[in-house]
Every structure is written in structure tokens, then in C-alpha cells.
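What follows is one structure encoded as C-alpha cells, with my remarks underneath.
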Amino acid sequence: MKRFFLLTFIFTVGVLAGEISAQDAASASKHANQQYVLFESERDKGTNITAMYDYLLDSYNNFVKVVEAPDNGQYLEGAKNRLRSIYPYLLNGAVYYSEQKQPAKGLDFSAAYIDLPNLQVFRSELLPRDSRYPSVVYYAAVSAFNLQKNEQALSYFQEYLATGSAAQEKDCYVYMNMIYQSQKKYADQERILLKAHEKYPVSLDFLYNLVNVYISTKDTEKLLGAVDKILEVDPNNDKVLPIKAQILQLQGKNVESLEIFKRLYTLHPNDFGVMTGLARANFNCATEIVNNGITVANDTEYALIRQRASGYLLDAKDLFLKILEKEPASKPYMQGLAGVYQYMDMKAEAEVLNKIIDDGASYTSFPSRLMAYNEELKKTENVVQEQSTVPVPVEPAMLVIRVDSFIDGNNNKVIDAGESFAVQFTVENKGKGDAYNIRLRLSEQQGYDQYFEGPRELDGGNIPAGTSKEYTFRYIVKKEMPTTLTKINIYAFEANGFDADPSELIVNAQEYAMPRLRIADHQFFASEGSSITLGKNGKLTIAIQNFGTKTARNVKVNFTLPKNVYTTDSPEMTIDSIAPGDVATLDYGFLVNKRFDEDSVAVMLGISESTRTAYLNEAYKVKVGEYLTAASTMNLSGNIVAQRKAVTKDFSLTFKSELMEDIPVGAVNRHRYALIIGNEDYSMTGANAEINVPYAVNDAMVFREYCVRTFGVPDNQIKVVPNATAGMMHEQLDWLVNMASTDPEAELIFYYSGHGNNDEATKEPYLLPVDITGKNIRLGISLSELYKELATYPVKGAYVFLDACFSGGYKSAAPLLAQKGVRVVPKVGLPQGNTLSFSSSSGDQTSSVYHDKKQGYYTYYLIKTIKDAKGDLSMKDLFERTSAAVKKATAMIGKMQEPQCMVSPTWVGWESLRLETPAATPVP
């Protein structure tokens, strides 16, 4: 009975459902026809467009209900006919509402126009599509996106891609990516981005989004692949280079990661994120090296391992310190610095910093807390010594220290800056009594141990009578270590006062030796005409200089060009070596095709060398159509005498002078020594560019060439110092004077171009270093002290040439009035011994610069006088001819400048002296 009732109930519901569906089809058909008639009426009247389209849309929706109803047989054909009639008007409605800026209404009509041909009843026939169909589809997709109807938007974006139209194809991929991203459908997002990348392989936006997908899904392998694809298009992309560096770190490839961060740091030295990445990379490299060598027992091998790690540690330490200056409360970077201190055996620093971290304090408290820690440590040690029960000696102990070995990283028996070294020593008790509570301490007599990173003191314990113990001090040497002779003492203090006599170890120290590369200058050339144009060749010439203290070997230069610019040379060039101070030039040719659409051609270049300590990444641009020199070659350094290459700190491809051509050649004079200083850039004093001395470095360069080629000064007996600081000037002057102590026949040449000034109180004249202002003038070089220094030892002659005045200094804004001083009359001391001094001006006069020649007036005419006479003139002739030329030239600009000659009163016969030594005449 129950079963019968259930079946009856189901049957009844089914009948009712059929009746309802039929009734819905009839009702929908009736309503649809009524609305369609109203639509036609309003269409014909043309007075109410809004009502017309409302009737049309309502009619459409109801006819759709009819064709989709199950029992619609008697209504279906009529509905299909009406829908065919409605179809073109739906397009009109979509266009109308898009023009009316009503996206919701526009979407309704666009959707109806797009969906109608896809209804089941029309699948067997092809309704004609208007040529505007792709535009309607794209409009509907964007409108749906903006109205947050994402599934509808996706459907229409896919429909647009299926139409084959390319106008908004790229935008469709962009919108679909945004939808999938918002839905976190990473698989779909990846699929659409890969399609987009395949279609647009050089568009980085899709690759950037792929990178984000793989970061979100933590797919490291695919992430690295996407990053590499970006770098194929843009090798120096600073958005993804940090990502690649971090991936390499995670993979344990620390050296590769470090190379990337070095490149980024070169491009963005002030970027905090890059700085932190580089610090971590250096620390990771050091950690890896130390951990890999932790089981090495041999001290020499261990020293080599520490040597490899030391450079990374020092760089990491410097970077962490810079970081903590900006973010002193950063716990991770304090931990990093503490780790560095720990590896460098700086126990006190590591403990203090770890305590600051534990306390949640700031790094700003580190200096004071370290000082307090050390003071407390001393007190504790004293208390321990006082409280410890030290047996009363019955017999005396006799401690003797013996240094067993000095071990350094490169085994050259020199303390090289940046490397590690160790001192192994033995303390033997030769006495009859035991030695207690021994403290061992290392100290350098002259204070150079300030550059040793490591413990100064060791606990030596007790040494019974007749026995000995071995100890080791280990250090990493700071890169600031100067070249000097160190005198290292080792002390052993015993509790009962039976201290050992200190031992002494004398070792040479060498300043940090590494190649340092820079682009000293660059210049673009056009192969035809005066500018680089489309369809023509161009050339970039670069001058690479090594301003470090070590030869750069296997220097590789990689060039990268933008799209539509092609290389006509090898994209990688190699230079075997660049000695310290030397310059190597390279020509790189390229061809710009006629599809190039940027305003400038950017040439990217990366430079590396075998030690990996010097790394450059530069970009140089030249505007298309910009005026350039038409020359195809450059004379970089004039006629060079064989075996005498120019070595200068500042180098310019664009500085040219007729003085550098056909330079008179004299014989080499082994007794001559020269110091040449050109102080141009005084920005270190904090002043603006107006205080600089234009072309002082050019003056020094030209004078140097005449010293070498005309005066015969050997290459290794000449020092050129551009932009010298006070320390450099005093140090190099000591070098020049010391040369006289080794050579009784010495002739000393001192040249200076730059600012002079005088002491306001004493009117004493000074040469002004680039890091000294008038307030600290006594840190400069006093003229009277200069003359006194040059007369320290008997010399054949000391010749001073000064292109400066001594009354302060500024550079006028007007080019023709640029000067090396202002009007204050200084007191001038007299030269001593066999010393003479030629100076550029006198009394209250100023020394001007010759802008047309890019030199000082005095230096230009001094050298021109020598060149015109082919070097064959006496000192008296040199002064008189130079003086006459300078006075005439400066009178023309209304700034009379009268050079001065000062000679030691005791020097007789200086007038006939000649600086140029005639070259030997060949024997027939």
C-alpha cells in the first residue's frame, strides 16, 4: 500500500511539472510577443530609445525561455523567427549603451548578441556576424571584468581569442591573468601566462607574472627558469637578479649568488636591499669555507682556508656596519655581524653584540657597552689574580718565549692587507720553580696592531718547571693596513712576577693588493657623417684603467645591445693583463637597423678579471642623430718613447693637446726623481664645484710626459698623484726626499698644480691638499718646509714648479676669470741648498686657467716653451721665455700674471743648468 501511494505521488508530480513547463512556455511566448510588438512600436516612433531597448531586451529574454522550455513545440518556430529578427538590434543596443557610458546595460545587450548564436536551436545554422563582433566581445569581457563578473568575463575573453583578432589579444591575456590571480587559480594563471609568453616572447610583463606565480606556488625550479628567461632578454634586470641570487643561496651556490649581488651593488650602491643581500652573500661564502675546513689539522692548510674566508668576512663586516647605521634596531643584521665577529675570533665584540640582541636593545649602544665590557673584564681579571691562590714561590720560574713560525695565507711571509696570518710560539719554563696563571699578549710597537682583527690576549695557564707549551695567535688583517715594517712583540706575564722577556718578530706588511678597474673614459663615434643614424654603423671606444695595486689579468668585457641593434665585433673581448695605473682601450662596433624605435642606443657592458675582486657593470647611451665627432681614430697619448708608457691616475679620451705631440726626446737620467701632484677635485672638503681647480690633473699629466721623455726621469723614479690628500702629499714628499739620501748625484723635481693658501695669522704660504680647507691649513705643505725638506740631503739640484698662488682659492663662474687664489699678499720663504723655484704668479696676483687649452696658463706656456726649443734651453732661458709668454697671454684677458723665480742664495751657476739631456749620437 505504501509503495503504491509513492508511485502515484511521483507520477502526479511529473504530470504537474509538465503542465507547469508548458504553461511557462505559453506564458513566456505571450509576454515575449507583446514586448516585441511594443519594441517595434517604439522603434517606428523613434521618440523613446530607452523604452525601445527595454522592450527589446525583455522580449529577447522571454523568447530565450521559450526555446529552452521542454514542451515548447507549438511556440518554438515563432520564437526562433523573432530571435532572428531581434539579433541585429541587440548589436545596436550594445553600441548605444557603450556610447552612453552605461556598462551594465551595454553588457546585457553585448552578452545577448554574443550568446544568441550559441543557443542550442541555432547550432545547425550560422547567423551572420557583423564586422564589429570582435569589438563587442572585447567590450563585453572588459565590462564583465569591471563589474566583477569574472566567469562571464573569462568566457568572453576566451571568445575574443577564438575570433582570431589580434588587436586586443595581448590585453585579453593580461585581464585573464588578473582574474586567475585574484581567484588564486595558479594552474590556470600559469597556463594562460605560458600561452601569452609563447605569443609575446620579449614581453617581460608576462614573465614577471610567471615569477609571481612560482613564488606563490613555491616552485623553485620553474621560478629559476622564468627568471633566466627574463635575463635572456634583459641581462641586468634588477627586478629579478635579486630573486636569482636568493635562489642560488638556497641551493648553496654562494659564490654565484655573491657575483650577482656584486653586480647589483655596482649598479645600486645605495640600495638597502642590495646591500643586505651582498652582506649575507659574503657571510655565507665565508661560512661555507670555514665549515668545509673545520676538520683540517695542518696549520698551514688552515691558514690558507682562513685566508680565503677573510676577504668575505671583512666585506661582510663593513656591509653589516653600514646596514646597522641605517637600521640600528635590526636583530637579523646584528646577528649577522655577531657571526662575523665569532668567525674572526673577536670574542669580546661577539659576546657584547649577542647580549644586546638578547636584551632587545639597539646597536647604537654597542660602542659604550663594548668599552664597559672590556673595563669589567680587566677588573675581573685583576680580582681573579688577587683572589686566586698562587703558591708562594720557593724556586724562581724562568720563562723564555720562542717564536716557532709565522704562517700567512699566501705563504709569502708578508702581512698582506685582507689576508689572515698566525704566529706560533712556545713558552718554556727553564727555571726550577713552576710558573702560574700566565697571560700571553701580542702587541705591535708602532700601533699597527689596530689593523689586526683577533684576540690580543691568551690564557697561558700554568707551566711546570722544565716544561713548555705551544700557543698560536691568529688574525685577519684589515684592508686598510698600510705598507710598512711591523715589529711584533709577544709578552708572557706570570702571577708571581717571573715574567718572560718579550720576543720580537719583524715582518713586512703590504697594503691591500688587488686590481681595481674603472672606465676612465668612453666615446661614441659615427662611421659615416657626424651622428649615429638608422641603418648605419657606430662604434663605442672605452678606456679601461686599473687603478689598483695588482695587475688585472684575463680581463673579460661582455657587451650587450638592445633589440634591432647588431654587433659587428665579438660580444666578448679579453685583455690579457692591465698593469697598475695602465689603460687599455677597446673598440666595439655595432649596426643600428631601420626598425630601431628608441631615441638612444644603450650599450651594456660587464667587466671582470681573474681574481673576481674587480667587477664592473656599466651602461652607455648615445642619442640617435646626436652630433658626434666624425673621426674614426683617436690619438690617446701622443708619440710615446719606447719602453716609457704613460701611467696616470686620471685618464681622458677627450683631452687632447698639441703639447702631447712630437715631444722632445732626451736620454734617460738615472739620477733624476720626480713627484708630480695635480689637485683638481676639492669636493672632499664639502665645498661645491666652484672651489675646484679646472684642468689641474691635465697639467700634471702633461708635465709627467715631459719628465719622462724630455728630462729622462725613469718610469720607476716618478710618482704622479692626482687629487692628493694631506696624508698622500706628506707621504710622497718623504719618498722624494728619501731618494736623495740614497743617491749623492740626485736631482729632484717637484711639480704642483692646484690651490695654494696662506695662514691668516702668519701669512705663511701652503700648498692645499684636496681634503683640507683654509681652517686647517697647517695640515697642508708649507712652502718654507718644502724648501727645507728638499735641502735635507746634498743634491745636485732640486727644481720646484708651482702653478698656484697662495692666498686662498675659488673658481670664478666666468670661464676666463677662473683662478687659483684671491688677492692677499703672502710671505714667501727662500729656497735652501741647491734649490730653485719657478712659480706661476707673484704678490697679490692670481693664477688663471686657460680654458681653450684645458690647462693652467703657466703650465701650458712652461711646457710650450720646452717643446718649441726642443728641450734645448737653459734654466734661465726657460724662466724668461715662459714668463714673457705668460705675462702677454694673461694681459690679453685683463689678469696680468707675472711668474716668479726664486733660487737659493748659495747656489751659483744655476742659470746655465739644462733639464734636457741630449740623446746619445749613434756611432757610425
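The values are calculated or read from the model by the stated rules, or taken from the named source; none is laboratory data. Source: prediction; values computed, not measured. Every residue, glycine among them, receives a Cβ derived from its backbone with ideal geometry; neighbour counts consider all protein chains shown.
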TODO: Within the range 718-740, count every residue that is of a type outside the set (A, V, I, L, M) and either crowded, with 22+ Cβ neighbours inside 10 Å or in contact with an Asp or Glu (Cβ under 7 Å, 6 or more places away or on another chain) (or both).
DONE: 3
Open item on the list: With the structure loaded, tell me whether Lys563 is under 30 Å from Asp408 (Cβ atoms) and loosely packed, with under 15 Cβ neighbours inside 10 Å or whether it fails that test.
Closed with: no
TODO: Select, from Tyr200, Tyr186, Tyr175, Tyr214, the only residue that is touching a Lys or Arg at 6+ places or on another chain (Cβ under 7 Å) and at pLDDT 90 or above.
DONE: Tyr214
TODO: Residue by residue through the range 483-505, note down the ones that are closer than 19 Å to Asp404 by Cα and part of a loop (DSSP other than H, G, I, E, B).
DONE: Ala500, Asp501, Pro502
Open item on the list: Based on this model, can you work out whether Lys229 counts as of a type in the set (Lys, Arg), farther than 30 Å from Asn410 by Cα and out of contact with any Leu (no Cβ under 8 Å at 6 or more places or on another chain)?
Closed with: no
TODO: Check whether at least one residue in the range 626-649 is aromatic (Phe, Trp, Tyr), at pLDDT below 85 and either crowded, with 19+ Cβ neighbours inside 10 Å or part of a loop (DSSP other than H, G, I, E, B) (or both), and report yes or no.
DONE: yes
Open item on the list: Take the conditions touching a Gly at 6+ places or on another chain (Cβ under 7 Å), surrounded by 16 or more Cβ atoms within 10 Å (Cβ to Cβ), closer than 30 Å to Arg263 by Cα and not assigned by TED's automatic domain parsing to the domain that holds Tyr615 and apply them to Ile476. Does it pass?
Closed with: yes
Task: Tabulated pairs, the range 44-55, first assigned by TED's automatic domain parsing to the domain that holds Gly106, second of a type in the set (Gly, Ala, Ser) and in a helix (DSSP H, G or I), C-beta under 7 angstrom, 6+ apart or interchain - done: Tyr53/Gly93
Task: Matching entry among Leu193, Leu248, Leu224, Leu241 (being without any contact (Cβ under 8 Å) to a residue 60 or more places away in the chain, touching a Phe, Trp or Tyr at 6+ places or on another chain (Cβ under 6 Å) and surrounded by 15 or more Cβ atoms within 10 Å (Cβ to Cβ)) - done: Leu193
Task: Odd one out for Asp459, checked against (1) without any contact (Cβ under 8 Å) to a residue 24 or more places away in the chain; (2) in a loop (DSSP other than H, G, I, E, B) - done: (2)
TODO: Name the one entry in Ala435, Ala397, Ala465 that is modelled with pLDDT of 90 or more, surrounded by fewer than 21 Cβ atoms within 10 Å (Cβ to Cβ) and outside the structural domain of Gly548 (by TED's automatic domain parsing).
DONE: Ala465
Open item on the list: Could you tell me how many of the residues in the range 741-766 are on the phi < 0 side of the Ramachandran plot, crowded, with 23+ Cβ neighbours inside 10 Å and not in a strand (DSSP E or B)?
Closed with: 1
Task: Members of the range 902-915 that are crowded, with 18+ Cβ neighbours inside 10 Å and either in contact with a helix residue (DSSP H, G or I) (Cβ under 6 Å, 6 or more places away or on another chain) or among the acidic types (Asp, Glu) (or both) - done: Val903
- [ ] Could you please give the count of residues in the range 293-318 that are of a type in the set (S, T, N, Q), modelled with pLDDT of 70 or more and within 29 Å of the chain's Cα centre (by Cα)?
- [x] 1
- [ ] Would you mind stating whether Ser143 is crowded, with 20+ Cβ neighbours inside 10 Å and either within 50 Å of the chain's Cα centre (by Cα) or modelled with pLDDT under 90 (or both)?
- [x] yes
- [ ] Go through the residues of the range 833-841 one by one and say whether even a single one is at pLDDT 90 or above, assigned to a helix (DSSP H, G or I), in contact with a Pro (Cβ under 8 Å, 6 or more places away or on another chain) and in the same structural domain as Ala746 (by TED's automatic domain parsing).
- [x] no
TODO: Assess whether Ile542 counts as being farther than 21 Å from Gly418 by Cβ and crowded, with 20+ Cβ neighbours inside 10 Å.
DONE: yes
Task: Single residue of the range 431-449 satisfying the filter (farther than 18 Å from Val507 by Cα and touching a residue at least 60 places away in the same chain (Cβ under 8 Å)) that is farthest from the chain's Cα centre (by Cα) - done: Gly433
Open item on the list: Of all residues being of a type in the set (Gly, Ala, Ser) and without any contact (Cβ under 8 Å) to a residue 60 or more places away in the chain in the range 724-744, which is farthest from Leu779 (Cα to Cα)? Just the residue, please.
Closed with: Ser741
Open item on the list: If I go through the range 859-903 residue by residue, how many of them are assigned to a helix (DSSP H, G or I), β-branched (Val, Ile, Thr), touching a residue at least 40 places away in the same chain (Cβ under 8 Å) and more than 20 Å from Val693 (Cβ to Cβ)?
Closed with: 1
Task: Hits in the range 506-535 (condition: modelled with pLDDT under 85 and assigned to a loop (DSSP other than H, G, I, E, B)) - done: Glu511, Tyr512, Ala513, Met514, Pro515, Arg516, Ser527, Glu528, Gly529, Ser530, Ser531
Open item on the list: Out of Leu605, Leu616, I need the residue that is modelled with pLDDT under 85, within 22 Å of the chain's Cα centre (by Cα), in a strand (DSSP E or B) and of a type outside the set (Asp, Glu). Which one?
Closed with: Leu616
Open item on the list: Given the criterion more than 20 Å from Lys65 (Cα to Cα) and either modelled with pLDDT under 90 or assigned by TED's automatic domain parsing to the domain that holds Lys149 (or both), identify the matching residue among Arg123, Arg129.
Closed with: Arg129
Task: Hey, Gly774 of a type outside the set (Lys, Arg), in contact with a Ser or Thr (Cβ under 9 Å, 6 or more places away or on another chain) and closer than 18 Å to Val693 by Cα or not - done: no
Open item on the list: For a quick check of your reading of the model, give me the residue pairs whose first member lies in the range 88-107 and is among the β-branched types (Val, Ile, Thr), whose second is outside any helix (DSSP H, G or I), with beta-carbon atoms closer than 8 Å and at least 6 apart or on different chains.
Closed with: Val95/Arg132
Open item on the list: Scan the range 485-505 and tell me whether some residue there is modelled with pLDDT under 90 and touching an Asp or Glu at 6+ places or on another chain (Cβ under 8 Å).
Closed with: no
